[in-house]
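A short reminder: the numbers here are calculations on the coordinates, not readings from a lab. As the structure is a computational prediction, the values presented were derived from the model and not from experiment. Ideal geometry is used to build each Cβ from the backbone, glycine not excepted, and the neighbour counts take in all protein chains shown.
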Amino acid sequence: MTGEMVISVAERAIMVVLLTSGPLLLIALITGLAVSIFQATTQIQEQTLAFVPKIIAVLVGIVFFGPWMLTQVTSYATDIFENLLRYVG
């Protein structure tokens, strides 16, 4: 396995991680911002109020984006195993 191939595999791994975690992080960011604005306007300073909506929003995001995320990760894993068998066998 050449150095270029290792860099290519690592580059694709980083891209898969960013693509699969991006939608959930964006959902958590938007939900947290909305809850913070709500807390600032109503002057409610409850600490747990910030976490519960984010957890619910991320779980809903997993329901919607989960199959796509699973497809991305399994496709990458399949490519890794195929390359491993090609160079070992």
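3J(HN,Hα) along the stretch 5-14: 5, 5, 5, 5, 5, 5, 5, 5, 5, 5 Hz, from the Karplus curve 6.51 cos²θ - 1.76 cosθ + 1.60 with θ = phi - 60°, whole Hz, x for Gly and Pro. Distance between the 7 Å Cα→Cβ label points at Val88 and Leu26: 3.7 nm. Here is the P(r) of the chain: all C-alpha pair distances, binned every 5 Å from 0, give 3, 13, 17, 15, 12, 10, 9, 8, 6, 4, 3, 1, 0 in whole percents. Label positions at Val60 and Val17, each projected 7 Å from the Cα along the C-beta direction, are separated by 2.9 nm.
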